[in-house]
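First the structure, in the form of structure tokens, and then the observations on it.
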Amino acid sequence: MEKKDLVIRIAGEGGEGVISTGDFIAAACARAGQEVYTFKTFPAEIKGGYAMYQVRTSLDPLFNQGDTFDILCAFNGEAYEVNRHRLVPGTAFVYDYPAGDFEPEIPDGVIAYPIPMSQTAKDMKSYRSKNMVALGALSALFNINEKTLIEVLVDKFKSKGPENLSFNLEAFHKGKELAAALDKKDLWRVADPVPAKDVLIISGNDAVGLGAILGGIRFYSAYPITPATEIAKFVAVHIPKVMGTLIQAEDEIASISQVLGASYAGKRAMTATSGPGLSLMGEMLGMASMSETPVLVVDVQRGGPGTGMPTKHEQSDLFLAIHGSHGDAPRIVMAVEDVGDCIHMTVEALNLAEYYQCPVILLSDGSLAFSTQTVPAPKPGAIKIVERKRWDGTGEYQRYQASPDGISPMADPGTPQGMHVATGLEHGPAGAPNHSPPNHEAMHRKRFGKLKTVVDFVAPTQVDGEGQADVGIIAWGSTIGVVREAVVRLREEGIKVKGFYPKLMYPMPVVHYEAFAATCNKILVPEVNFQGQLSHFIRAETSIVPISMTICGGVPFTPIQIMNKVREIL
Amino acid sequence: MSIATVKKAPLKPKDYKSDVSVVWCPGCGHYGILNAIYRALSEAGVDPSQLISISGIGCSSRSPYFINSYKMHTLHGRAGAVATGAQLARPDLAILVLGGDGDGFSIGGGHMPHMARKNVDMTYVLFDNGIYGLTKGQYSPTSRPEMKAYTTPYGGPEEPMNPLLYMLTYGATYVAQAFAGKPGVCAELIKGGLEHRGFSYINIYSQCPSFNKIDTIEFYRDLVEAVPKDHDVTDLGAAINLARQSSEGRAPMGLLYKADRPTLDQRMHAMVEGVNGSPDYDLNQIIDLNRP
């Protein structure tokens, strides 16, 4: 099978320019018409530690970070040590030598390209140019389009002065010359440029921020937390342009409280956090359920519990997102698959919150947070904004009046005769406290009942494949992208396999699950958490008995892992 | 609060009463404070539909139900944070926060400094009865150590905090204190708070005859002492000196401090103007920044 994609992994010490090198390659490839999917890991420390940036690029759509890399570029000995077990025959290995801090053993079949990165940087009297030397070498060795790469470098460095730019370009060309002097012995090369597509290249976190702005938010309350903080950074830059406000709160409890207050006051409002923050917000989410106030919380999941693994990938907040509050506290939970979803499902989540007057939790995860991907550029005119139902000012206003769909119109403060209370106490139609058994039951039916149509409001699930299959794979979040590729490759092997990808996690679209399962002999549920959280919900809410497949090592699945498991359970 | 909320034809105090009946114990100081709030709202000319009354949980946090306005009865300790969001979303409205000492300074203590230092434009009336009443009498952050209560059968092991000193230190721009037995003074100070553009904090001593047996109406009457006529309310040092009297067995009554400082919403508005913010901003400009 011809391999159409190429995976380049750059690794080294945090602060050495690993991340910017990856960003330059990704942007250059995108400008050369390629699809790009990047994956990064970096240390929890501020300075130093192991950092890694992987660029996967292809002319065809990409859904995940790939099984492993084709090309490793090691800036230091640690990068070599961490990755040496993946240096399989055929891999190209570019490394800092001589005068680097290590002398690697080159395994049989690995094609080695020693580049004196540190020495060249030292000769140029600037350690900072080391990554530019590496970039030049990579460009020359693997056909990373030089024209677009230089355009990217010019755009990046021009604001820092002509001297800075020419210095970086000089280092780039030195690296290129060093590589040109070596014998090219591998077959890896980026495809020749094609016309660039109408795309953005954007990280999951920035994409949530962009979705928020496109979705019409006017209030955002932030509290710093890895790996969600960049969402606030993006929103902070742009929200004043649309007359909105971002406040950094004193803690996550204040964030969700402020969002509730702003929403009551009539504005589209949201916050974003990670698991620990969502834990703190639990009580106020219940208040939002009870008072039927629209709020959006984006949870960029990380390794838990406790402080856990703040910079690592995990999908372990599903229990918390669905059930994290006291009492019976209905909400809507959605999960994004990729960076494109981060834009569009943030818009959708805001619409859902406004329409259904309840908390919406949108789950992203650590690997998407920092993964930059090429996504079609959104068109503002094509974005649908759904407003909350507002009282028309006629008759006597009762905030929680029963209605056929369970949705009662809201009244913005300032509306004459619309005065009402938003309350966390159980209440009757007018909002007055009412603890009678029939009332509590009726109000629960209202609050849960209004969510019955959510399944029609959004595209709740996607099915990949037709007819009967031996194995059906149910995946959520960024694991979907891994499964999409595994399914294609398994089919090429003649294995009958289908995929089922829920985006709406709660209320659970049970009918869709059952219909899918009816077409599969076995159901496999891979997810990145210890307990098999989606499997648990499937067993609780459907008649399906899934095979749970879990990993929780802080990194996403690879397609190969899924493929091996499918072959095993056939 | 914002001037835009003032109505031309003022309403009477009774017009601010809702039709929900008040549920406090007989002899509770909160009745006096509530009546003072009605008077203050009337005298400040606040349009009920332009007012949001916000509370947390506790006896005094029931107050919004009794006021004719938009209102939020939220969670224990969170009134101030909810109010901050509402105020920033709608700086044209008046925001009144009502709550107790436990709600504000114990469970809600994490929010208090930030409303003060950020100068969020709202009026915070704290009903200070030195006790948790709704849960039947536990000591609070303002209880005196000699108080024997539900969880302090041998007397309290802690020193009380000083709300005025706290608010002055954290940068509140309107700090006052009164006593529920002096509803006229309360009304005057609350009205001043409503009219002040910035974070107004009014601490009002309120007797709890049911559970706080030592801070009686007589105790408070003897405790409070009018702020001296020659006190300069713009002098923070002088205000702090007055506030410190509370630890010496006397408590100032009146306006201690008032300062003009840009409010948080004014600063936010300046940011919007700084980037030429507009409801018709071309979103393509933001999208295009993310091209490769």
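The values are calculated or read from the model by the stated rules, or taken from the named source; none is laboratory data. Just so it is clear, the model here is predicted, and its values are computed rather than measured. Every residue, glycine among them, receives a Cβ derived from its backbone with ideal geometry; neighbour counts consider all protein chains shown.
Quick look at the numbers
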read-out: In the range B:128-154, the residues that are among the acidic types (Asp, Glu) and modelled with pLDDT under 95; value: B:GLU146
read-out: Helices (runs of 4 or more DSSP H) lying entirely in the range B:24-128 (those with 1 or more residues that are more than 10 Å from chain A (Cβ to nearest Cβ)); value: B:30-44, B:112-118
read-out: Any chance A:PRO526 is closer than 21 Å to A:ALA369 by Cα, surrounded by 16 or more Cβ atoms within 10 Å (Cβ to Cβ) and touching a residue at least 60 places away in the same chain (Cβ under 8 Å); value: no
read-out: Count of the range A:387-418 residues which are of a type in the set (Lys, Arg) and within 11 Å of chain B (Cβ to nearest Cβ); value: 1
read-out: Test: B:ASP280 is of a type in the set (D, E, K, R), more than 14 Å from every other protein chain (Cβ to nearest Cβ) and assigned to a loop (DSSP other than H, G, I, E, B); value: no
read-out: Filter result (buried (at least 16 other Cβ atoms within 10 Å of the Cβ), within 14 Å of chain A (Cβ to nearest Cβ) and of a type in the set (A, V, I, L, M)) within the range B:217-270; value: B:LEU264, B:MET268
read-out: Residues (touching a Ser or Thr at 6+ places or on another chain (Cβ under 6 Å) and assigned to a loop (DSSP other than H, G, I, E, B)) located in the range A:544-562; value: A:PRO546, A:PRO556, A:PHE557
read-out: Boolean, A:LEU165 is at pLDDT 95 or above and either assigned to a helix (DSSP H, G or I) or under 30 Å from B:ARG291 (Cβ atoms) (or both); value: no
read-out: Pick from the range A:210-222, criterion crowded, with 24+ Cβ neighbours inside 10 Å and more than 9 Å from chain B (Cβ to nearest Cβ), ranking: farthest from B:ILE287 (Cα to Cα); value: A:TYR220
read-out: Identity of the residue in the range A:259-311, outside any helix (DSSP H, G or I) and of a type in the set (Asp, Glu), that ends up nearest to the other protein chains (Cβ to nearest Cβ); value: A:GLU292
read-out: From the options A:HIS427, A:HIS435, residue that is surrounded by fewer than 15 Cβ atoms within 10 Å (Cβ to Cβ) and within 14 Å of chain B (Cβ to nearest Cβ); value: A:HIS435
read-out: Strands (runs of 3 or more DSSP E) enclosed by the range A:28-102 - at least 1 residues per element that are over 16 Å from A:PHE142 (Cα atoms) and among the small types (Gly, Ala, Ser); value: A:50-58
read-out: Among (1) closer than 22 Å to B:ASP265 by Cβ; (2) facing chain B (nearest Cβ under 7 Å); (3) surrounded by fewer than 24 Cβ atoms within 10 Å (Cβ to Cβ), the one test that A:GLN248 misses; value: (2)
